[in-house]
Amino acid sequence: MDRLKDRRVVVTGAAAGIGRAVVGRFLAEGAHVVAVVRKSADVAALEVEGARVVVGDVSRFETAERAVADACLAYGGLDCYIANAGLWDFHKRVEAQSSEELGQAFGEIFGVNVLGALYGARAALGALRVSGGSVVVTGSNACFLAGGGGALYTASKFALRGLVMQLAKEFAPEVRVNGVAPGATNTGISGPAALGQREREMNADASRMDAMRHHMLLGRVSEPEEHAALYVTLAARDEAPYVTGAMLVSDGGLTISV
């Protein structure tokens, strides 16, 4: 378990779900991790695991700036920035939202799902050019298909896929930019406050999770840990050195079953 020995990494959305699984796997593989979380209550558990922790809102540039600075100060540089933080919209239909809710929810969802990744990439770029490192984002089957959420979530994930492709062009050849696109995962992802979804968790609804299972070729909803190896592959020094601008699909066959 030394595939990431001494690799210096920032992971956002690290408190739970895929982000927490990635932190655990990276630490087990020998990486040095700065975990970014939204709540101070999540700090202690991650520190016990061995991560450094930064508390902040990823839709603000200063959060990414602090995380990168912390990694560089503590570990002497940065090898990978993983923009994993995300918001879902619980399939909220456009017609069920007022114009005010649409505007506010758009700002929240795009602020985390797209701007958060863009801020992370911008804050990390200098350090990643020095190390020859990479950016990895968390996409979704909604990067490719409608139906993985409502209009706001789907639009944000299509935008994120475009961002990966464009940044790969702009940051080449020194820095690679890629993504992992999970689908149907047992995670507590929440939604925007504008839609009253900030305290909701996707996997708290057993009927929703069961409905998701029926769409998967593998017949089950995935666990967060099942996606972590792809992040390792993209963050490692020598495992995917010729991959950039890609979104690696980890969705149980969903995108070929619809």
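No value in this document is a laboratory result; all are computed from the given coordinates. Here the structure is a predicted model, which is why all the values come from computation and not from measurement. Glycine gets a Cβ as well: all are built from the backbone with ideal geometry, and neighbour counts include every protein chain shown.
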Quick check on this structure: which one of Glu225, Glu170, Glu174 is assigned to a helix (DSSP H, G or I), touching a helix residue (DSSP H, G or I) at 6+ places or on another chain (Cβ under 8 Å), of a type in the set (D, E, K, R) and within 29 Å of Cys80 (Cβ to Cβ)?
Glu225
The number of residues in region 194-212 that are exposed (fewer than 15 other Cβ atoms within 10 Å of the Cβ) and in a helix (DSSP H, G or I) is 6
For region 203-242, name all the residues that are touching a strand residue (DSSP E or B) at 6+ places or on another chain (Cβ under 6 Å) and hydrophobic (A, V, I, L, M, F, W, C).
Leu230, Leu234, Ala235
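Would you call Gly56 closer than 13 Å to Thr12 by Cβ, in contact with a helix residue (DSSP H, G or I) (Cβ under 8 Å, 6 or more places away or on another chain) and surrounded by fewer than 18 Cβ atoms within 10 Å (Cβ to Cβ)?
yes
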Taking the stated definitions as given, is Phe90 more than 27 Å from Ala172 (Cα to Cα), assigned to a loop (DSSP other than H, G, I, E, B) and either touching a helix residue (DSSP H, G or I) at 6+ places or on another chain (Cβ under 8 Å) or not aromatic (Phe, Trp, Tyr) (or both)?
yes
Condition first: in contact with a Ser or Thr (Cβ under 9 Å, 6 or more places away or on another chain), farther than 21 Å from Glu223 by Cβ and in a helix (DSSP H, G or I). Can you find one or more residues in region 45-64 that meet it?
yes
Among the candidates Gly245, Gly191, Gly219, Gly252, residue that is within 25 Å of Ala96 (Cβ to Cβ), in a loop (DSSP other than H, G, I, E, B) and among the small types (Gly, Ala, Ser)
Gly191
Output the qualifying pairs, or none if there are none: Cβ atoms under 9 angstrom, residues six or more apart or on different chains, first residue in region 33-49 and within 24 Å of Cys72 (Cβ to Cβ), second residue aromatic (Phe, Trp, Tyr) and part of a helix (DSSP H, G or I).
Val33/Phe26; Val34/Tyr75
Could you please let me know if Ser207 is closer than 15 Å to Gly111 by Cα and either of a type outside the set (A, V, I, L, M, F, W, C) or in contact with a helix residue (DSSP H, G or I) (Cβ under 7 Å, 6 or more places away or on another chain) (or both)?
no
Number of the exception - Asp79 against (1) out of contact with any strand residue (DSSP E or B) (no Cβ under 6 Å at 6 or more places or on another chain); (2) within 27 Å of Leu230 (Cβ to Cβ); (3) touching a residue at least 60 places away in the same chain (Cβ under 8 Å)
(1)
Scan Ala155, Ala83, Ala105, Ala142 and give me the residue that is in contact with a Gly (Cβ under 6 Å, 6 or more places away or on another chain), more than 21 Å from Val36 (Cα to Cα), of a type in the set (A, V, I, L, M) and surrounded by 17 or more Cβ atoms within 10 Å (Cβ to Cβ).
Ala142
